[in-house]
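Only one structure is covered here, and it is reproduced in the block below.
The values are calculated or read from the model by the stated rules, or taken from the named source; none is laboratory data. Note that the structure is a prediction, hence the values are computed from the model and not measured. Here the Cβ positions follow ideal geometry from the backbone for every residue, glycine too, while neighbour counts run over all protein chains shown. What goes into the accessible areas is simple: the full protein's heavy atoms, side chains included, and nothing from ligands, DNA or RNA. Shrake-Rupley method; radii C 1.70, N 1.55, O 1.52, S 1.80 Å.
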Amino acid sequence: MDELHMVRELLPQAPPPATEVTAAARARLFSGEASIPRSERSARGHRRPHWQWYGLGLPLVAGAAAVSVLLATSGQPASTGHPAASGPGNSPATGKANVPSAQAVLLAAATSAAEQAPAAMGKYWRVATTSMGILAAGTKAHPYDMAELTRIDNAWARVAGQPLKLVSQYLGAKPATSRDAAAWRANGSPTKGHTSFYTRTGVVKGPSQSYAPSAPFVDQEPSQFGEVAWAVGDGSPLTTTQLAALPSGPAKLKAQMIRYVNYDYRGVGGPPAGSMDENLMTEAINLLQAPLPAAVESAVYQVMAGLPGSRTLGIMRDPLGRSGYGIAYVGQNTLPQGMQGQSVLIVDPSSGKLLATEVIVTTPGTGIVRDLPLGIVPTPGGGRVPGSRCKGNPTLSGCIVPFTYGTRHQGQVWSYTVIKIAAWTNTLPPS
Amino acid sequence: MIAWQSDKAEPPRHEQDIGRSMDAPEVFAVVFDRHFHEIHGYVARRLGTSAADDIAADTFLIAYRKRASYDATVGSVRAWLYGIATRQISRHRRDELRTYRAMRRAAGSPLAEEHAADNTDLVADRLTALTARRDLAVALAALSPGDRDVLLLVALAGLSHAEVAAALRIPYGTVGSRLSRARKKLRAALGAHHPAA
C-alpha cells in the first residue's frame, strides 16, 4: 500500500449526489442560458497566468498556537461595543469620548501608509508571522487550555532563479493563562496532551500530541516564476509588477478586489461563503502583507474604512507588546460547536502597519470542545452518520467523535496571527 | 497560450465531437450527464458532500458559460472539467485545511483509555490506524496548494500526467515534479507508519 493508496483511504469515496441535487444543477445550467450575454458565450475565457501559489491560508493550518502573554493584553469581547478596558495589559483609551472611530483609525493608517518613504526593493519579499491557537486539554476534573504557537517565515525571490524559502515551525504549547497553568499542574504537568473520543464503549483516551517544539520545516527551491507570486482572493497569484499596478484610488481598488473575490462567479453562483464585505476585509488583510506601493497600501486602508460593521476597541497591545488600535470587524472565523467569536485587527495608525489579527471569544459554550457533533464523520467524503447508528458500531468511520475539555471564557483570545515582518530584505530567513 | 506536450494522447473521438458542437445546449447536456457524478465525487472527497453539491453545480455552470473556450486539442472534456472544479476548490482552501485539521485532531497514537473496563481491541486498533491518518492529514495540509492539486487529481481522480497538465494548464514536466515532491513529503511524514517502511 503506497501513500497514494493511503490518501485514497483517508479521503474515501463519497456517496453520489442526491437525485434532486443533480436535477437542480442540471436545471440551473440551462435556465441560465437566456441570461448569458451572447458576447460572453463566444468570448474566450480570460486566462490568468498559472503560477504556483503560496497563500496566506496555509500558515494557519500548521496549527493553532497560543501564548499566555496574549491573554493579559486581550480586550473585552468586542460585542460589548466598549473599548478594551479591563485586561491587565490593556491601556484603556483616554476616555470614551476621545476614542476615535474605527473609520478614523483606518483613515489615519491610510494617511500614514501613503506618506511612508518608498522602501528600497530587496532581493526577497519576506513575511514572518507567529500564530496562536487554543488547544483545549486536560480532564473533566482539571480542564485547561494550552496555547499552541506556530511560526512561519517565508521569503519570495524578486528575480527569477533566486531561491524561494518557506520555513514553518511548531513552537510547542504551554498553558494559556496562570489559571490554566494551575489546572495543568494539578493534572501532573503533562508534556503532551490528547484528544478524547466518544465511542460505543464510552470515553476513550486518544492520540497524544507533544507540547514540545518541533524542528523547523524548510522548503527551499528556485523561484519558478521570477517574481513574488502573491495569492489574492481566488487563489491566483499576482506578481510584484501586477501588485504595483493595482489602483491607488479606493473605489477602483475596491472594484478590483470585488473582482478577485468574485472571479469565476460573475453571474453564476454569487460570491463565495460569507458576505462580500467579509470577503473584502479578508482580502484587504491579505493585501496588507503583500509588497504594495505606498499609494496602493493607503488605498487598501481606505477600502477597509469604507466597510460597514467595524468598531474601535481603543488602544490594545498586540501579542508582541506593540501598541495599536484594536478594531472589531465583521470577519470570517470558525470556532467549535457552540462557540462564537469576534474578529479583531490591531493596526498602528501612526506607521500605517497592520500588526496582528485575533479572534476573541464572545460566546464561550460549555467547556467541552467538539470540533464536530456526534455522528458527523471527520473526513471530507463522509457526511453524516446518525448518532443512533454509532451506538452499535464503535468502529464505524465517524462514530469515534473527538472532543477535548478546556476552559472557555468570554474575552479569551482564541487565535491570533501576529505579523512580525512584511518587508523587502536581502537575506533569506534563517531556518 | 501554453505550449502543450506533443506526446499527449489524441483525445477520444467523442471528446472531439463534443468539443466541436458543445455550443448546442443538448450537447452540453450530454457532457453534464456523463461527468456530473464523477466531478461531484471528486469534490466531495476533498471538501465533503454538501460543499460538493454547490461546487459541482458551479463547475458545470462555468463550463457551460465558457464552453466556447474549450479546446479539444488541449485535452479531454473530462480534464477540462477537473480543471474548473480544481479552481473552484481552491476558493475553499480554508475549508479544506480545516477538514485536515479536524482529521488530525481525530487521530493519533493511542494511549490507555480513560475507562479501561470498556476498552476493546477493536477500538485500540482503530486508534492505531488513526495515527497514520493524523500524520497523513498533517502532511496533506502542509503541501503547497499546487502540489496538493496535482497529487489529488492523480490519486483520487486517476488522471494521467497529460490530463493533469491539461486540467491545470501547467507544463507536462511540472506535473511530474509536483507529484514526486508531494509524494516524497507524504512518505517522509508517514515515517514509521508507512506500510512499506
Report task. Kindly list the number of the only condition in (1) modelled with pLDDT of 90 or more; (2) open to solvent by 10 Å² or more (accessible area, probe 1.4 Å); (3) over 19 Å from A:G133 (Cβ atoms) that fails for A:T312. Result -> (1)
Report summary line: The one condition B:D121 fails out of (1) modelled with pLDDT of 70 or more; (2) more than 8 Å from chain A (Cβ to nearest Cβ) is (1)
Requested in this report: Output the residues belonging to the stretch B:130-153 that are at pLDDT 85 or above and among the hydroxyl-bearing types (S, T, Y).
Outcome: B:S144
Report summary line: Here the residues within the stretch B:64-95 that are of a type outside the set (V, I, T), farther than 27 Å from A:T334 by Cβ, in a helix (DSSP H, G or I) and more than 9 Å from chain A (Cβ to nearest Cβ) are B:R78, B:A79, B:W80, B:L81, B:Y82, B:G83
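Is it true that B:L156 is modelled with pLDDT of 85 or more and either polar (S, T, N, Q) or surrounded by fewer than 23 Cβ atoms within 10 Å (Cβ to Cβ) (or both)?
The answer is yes for B:L156.
One line per residue, one yes/no per condition, for (1) within 14 Å of chain B (Cβ to nearest Cβ); (2) modelled with pLDDT of 75 or more; (3) surrounded by 17 or more Cβ atoms within 10 Å (Cβ to Cβ):
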residue: A:A176; (1), (2), (3): no, yes, yes
residue: A:S196; (1), (2), (3): yes, no, yes
residue: A:R200; (1), (2), (3): yes, no, yes
residue: A:G206; (1), (2), (3): yes, no, yes
residue: A:A215; (1), (2), (3): yes, yes, no
residue: A:V228; (1), (2), (3): no, no, yes
residue: A:P237; (1), (2), (3): yes, no, yes
**Report entry** Members of the stretch B:71-82 that are of a type outside the set (A, V, I, L, M) and buried (at least 23 other Cβ atoms within 10 Å of the Cβ)
**Finding:** B:G75, B:S76, B:W80, B:Y82
Requested in this report: With the checklist (1) more than 12 Å from chain A (Cβ to nearest Cβ); (2) at pLDDT 80 or above in hand, flag the one item B:Q5 doesn't pass.
Outcome: (2)
Query - Residues that are within 7 Å of another protein chain (Cβ to nearest Cβ) and part of a helix (DSSP H, G or I), drawn from the stretch B:155-175 - result: B:A155, B:L168
Report task. Filter the stretch B:143-154 for residues that are touching a Phe, Trp or Tyr at 6+ places or on another chain (Cβ under 7 Å) and either facing chain A (nearest Cβ under 10 Å) or more than 16 Å from B:E38 (Cα to Cα) (or both) and give the result. Result -> B:S144, B:P145, B:G146
